[in-house]
1. Going by the structure shown, is Gly39 under 23 Å from the mean Cα position of the chain (by Cα), at pLDDT below 95 and not β-branched (Val, Ile, Thr)?
2. Exactly one of (1) surrounded by fewer than 22 Cβ atoms within 10 Å (Cβ to Cβ); (2) among the basic types (Lys, Arg); (3) closer than 14 Å to Arg211 by Cβ is unmet by Lys42. Its number?
3. Of all residues being hydrophobic (A, V, I, L, M, F, W, C) and assigned to a loop (DSSP other than H, G, I, E, B) in the stretch 226-243, which is surrounded by the fewest Cβ atoms within 10 Å (Cβ to Cβ)? Just the residue, please.
4. Mind listing whichever residues of the stretch 199-225 are touching a residue at least 40 places away in the same chain (Cβ under 8 Å), surrounded by 19 or more Cβ atoms within 10 Å (Cβ to Cβ) and either out of contact with any Asp or Glu (no Cβ under 9 Å at 6 or more places or on another chain) or not in a helix (DSSP H, G or I) (or both)?
5. From Leu134, Leu176, which residue is farther than 14 Å from Ala199 by Cα and either among the aliphatic types (A, V, I, L, M) or free of Cβ contacts under 8 Å to residues at least 24 places away in the same chain (or both)?
6. Take the stretch 204-242 and flag every residue that is closer than 20 Å to Ala50 by Cα and either assigned by TED's automatic domain parsing to the domain that holds Arg263 or out of contact with any helix residue (DSSP H, G or I) (no Cβ under 6 Å at 6 or more places or on another chain) (or both).
7. Among the candidates Glu119, Glu196, Glu174, single out the residue that is buried (at least 17 other Cβ atoms within 10 Å of the Cβ) and either modelled with pLDDT of 90 or more or farther than 23 Å from Gly97 by Cβ (or both).
8. Taking the criterion of being modelled with pLDDT under 95 and hydroxyl-bearing (Ser, Thr, Tyr), would at least one residue in the stretch 68-78 satisfy it?
Amino acid sequence: MGELALDRVGLDYEGVPVVRDVTLTVPAGGVLAVLGPSGSGKSTLLRGVAGLEPLVEGRVLLDGRDLAGVPTHRRGCALMFQDGQLFSHLTVAQNVGYPLKVRRQPAAQARPRVAALLELVGLGAYADRLPATLSGGERQRVALARALAADPQALLLDEPLSALDAGLRARLAEDLRAILREAGTTTVLVTHEQEEAFAVADTMAVMRDGRVVQHGSVAEVWRAPVDADTALFLGYARVLDGARARPVLAAADLPPHGAVALRRSALRVRDDGPLGGVVEASRVSPEQLRLVVRVDGVGDVDAVAPLGSHVGPGDAVRLGVDGTRLAPLAEVSHPSGP
């Protein structure tokens, strides 16, 4: 494994700028999630790191080695796509061992390596199965084991879980984190799923319109998004600006800011809450009652109440504010929520 550094990287697609001025560093053994909506340039960036797309500016360095002019197969990177791309006619063990066969590693050396990787991804008993007999999650585990087989210095994952259903994706994300920690491989994960990034990565880079708009630890980016668009993309429910933000910030004992991003659970029904309003809509979730409340001087906001609470549309309520579940913003680029 080695440190991966991107220095002012730029890429074009058919002469049109797609990625511009991206500078990021992933320490040896670290996991970076590159997060952004479709069309933000994140997958193109990953292809540039892998050598599948030529850089028009900047450098990619792996363990201090400039990769300019180095072909994909000699870069020390392993790339895994969302569909896994397994060989259907080969067994699980043969798929995982394929990179070792290409390197002409003797079978006596390859067998224990393949067995160890299958144990690492939880498929030790699946060596003789064919890909068609596996579930989607199992196939992705095989693809991950194959990507790790040749001991790459860097692992590049392009939307590895996006083809799976939501429940399986959440479970496999937790497993993926454990596998990457155990393998100790420097990793870049490209995804548009916030929860996947939060579950797997140490650090996060948010891309928009081909540029990195925010970079930091997962906790830092989630706690303090750089602007309203980033906050909404990361899963905050609403962004309030100007006069609408001030009552909420004051209720949380926070100084005035240009705007504030609210998680859905930032406002809770509480008898002695400092904010008053009327319930506009309600919906029961597995854990709580979700409300839309029209608050005096603020407008519509999201709030929650305990399951079994007897509040519904038309009821007057008081709301308390949890300051740990909101983020003051200096910049307003999109002053409302979905």
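1. Yes.
2. Of (1) surrounded by fewer than 22 Cβ atoms within 10 Å (Cβ to Cβ); (2) among the basic types (Lys, Arg); (3) closer than 14 Å to Arg211 by Cβ, only one is false for Lys42: (1).
3. Val226
4. Correct list: Ala201, Thr203, Met204, Ala205, Val206, Met207, Arg208, Gly210, Val212, His215, Pro225.
5. It is Leu134.
6. Result: Ala205, Gly210, Arg211, Val212.
7. Exactly one residue qualifies, and that residue is Glu196.
8. Yes, because at least one residue in the stretch 68-78 is modelled with pLDDT under 95 and hydroxyl-bearing (Ser, Thr, Tyr).
The values are calculated or read from the model by the stated rules, or taken from the named source; none is laboratory data. What you see is a predicted model, and the numbers here were worked out from it, not measured in a lab. Methodologically, a virtual Cβ is constructed for each residue, glycine included, from the backbone with ideal geometry; neighbour enumeration extends over all protein chains shown.
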